Amino acid sequence: MKSNIYFTLESQLNKLARHNRQGSFRTKERYYFAMKRFCRFLAEEYHLQKLSNISGKHLVHYVLWMQEEGLSASTIKTDLAAIRFFHDKISNPKYTLPDNSKLGVELERRRFGQTDRTWSVSEFNCMVGKALNRDDYLLAFYLARYAGLRIHECFRLDTATARQAIREMAITIKGKGGKIRTVPINDRIALVMEQCLRNTPPGSKLLVPDDMPTDRAINQLQLFILKHRPAVQDPDSDRPLTFHGLRHTYAAEKYQQLIDNGTTDLDAHFTVSQLLGHERADVTNIYLASVRKETGD
């Protein structure tokens, strides 16, 4: 069904592309493939069948999705330009698309391995305070902060996996590329996980209501962070507070703990890479940006 929707959107895109005479060959190609990626997102996440119905909410959620996928700010901005380019070609679009400044999503410049994305203790505690009546959000925050899980890994958690994690005090998850890793959990995670289990039917996902698509549940949490970020961020801080930043916080603290316990830099780096589910050293360095900044490396 989703593939049929995608092909419908792709057909509409191809019609627009055939009549386009603007831009160089390279620009046309780059914009076309960017728009195809957006079409697949619209089909899979929203079941949208008409490009003329694209709205600002689709752009916001697409940006959040791309950020969680780790795409660079320059790639995201180019994709947004491509979407607006083709949207301008649509006859009688239903909505006017907002520009980047009005999206409500921070499009910060991503400097490879140099941007400190960690949360301070105060920032994390304040955000947790905002979510005290939401066990599902608390569990997601704790899993990212104290176990280094990606947002999609958190929302994939079902009752069977949760019960096993509580028994073993370690959670086994399948990450990007199908890589399976096991990460220790602490008492905070186990306690909130037990609370979520009490309110979740057997076989269901802990963080996703049965009547809600997973992407919508994820987007609601992301928008929750965006809503409360101004109130919880440290004064004069220019660090971007995103859910993914909690994974950075976990990596930086785990690395520092290993170093403080006498582990060599190389071994600590390797251990953190395994816990994060990464193999490339340059990718792990992104998560250790705050540590490198402090040590001057």
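The values are calculated or read from the model by the stated rules, or taken from the named source; none is laboratory data. This is a predicted model, so every value here is computed, not measured. Ideal geometry is used to build each Cβ from the backbone, glycine not excepted, and the neighbour counts take in all protein chains shown.
List of remarks:
- Residue ID - nearest to the chain's Cα centre (by Cα), chosen from residues in region 111-132 that are among the polar types (S, T, N, Q) and modelled with pLDDT of 95 or more: 125
- Scanning region 45-57 for residues that are buried (at least 16 other Cβ atoms within 10 Å of the Cβ) and over 20 Å from residue 96 (Cβ atoms) turns up just one, 45.
- Only one of the listed residues (195, 220, 257, 233) is under 16 Å from residue 116 (Cβ atoms), modelled with pLDDT of 85 or more and not small (Gly, Ala, Ser). That residue is 233.
- The residues of region 11-27 that are among the hydroxyl-bearing types (Ser, Thr, Tyr) and farther than 16 Å from residue 40 by Cβ, listed by number, are 24, 27.
- Condition met for residue 249 (at pLDDT below 95 and crowded, with 20+ Cβ neighbours inside 10 Å): yes
- Flag for residue 183 being surrounded by 16 or more Cβ atoms within 10 Å (Cβ to Cβ), touching a residue at least 40 places away in the same chain (Cβ under 8 Å), part of a helix (DSSP H, G or I) and out of contact with any His (no Cβ under 7 Å at 6 or more places or on another chain): no
- Among the residues making up region 186-215, those that are part of a helix (DSSP H, G or I) and either over 13 Å from residue 155 (Cβ atoms) or without any contact (Cβ under 8 Å) to a residue 12 or more places away in the chain (or both) are 187, 188, 189, 190, 191, 192, 193, 194, 195, 197, 198.
- Top-ranked residue in region 144-176 [being in contact (Cβ under 8 Å) with a residue 40 or more places away in the chain and among the small types (Gly, Ala, Ser); ranked as surrounded by the fewest Cβ atoms within 10 Å (Cβ to Cβ)]: 160
- Selection count, region 40-66, where residues are among the hydrophobic types (A, V, I, L, M, F, W, C) and touching a Phe, Trp or Tyr at 6+ places or on another chain (Cβ under 6 Å): 2
- Highlighted here are the helices (runs of 4 or more DSSP H) found entirely within region 1-90 that include at least 3 residues which are in contact with an Asp or Glu (Cβ under 8 Å, 6 or more places away or on another chain): 25-41, 56-68.
- Qualifying residue in region 233-248 (condition: assigned to a helix (DSSP H, G or I), more than 14 Å from residue 144 (Cα to Cα) and touching a residue at least 12 places away in the same chain (Cβ under 8 Å)): no
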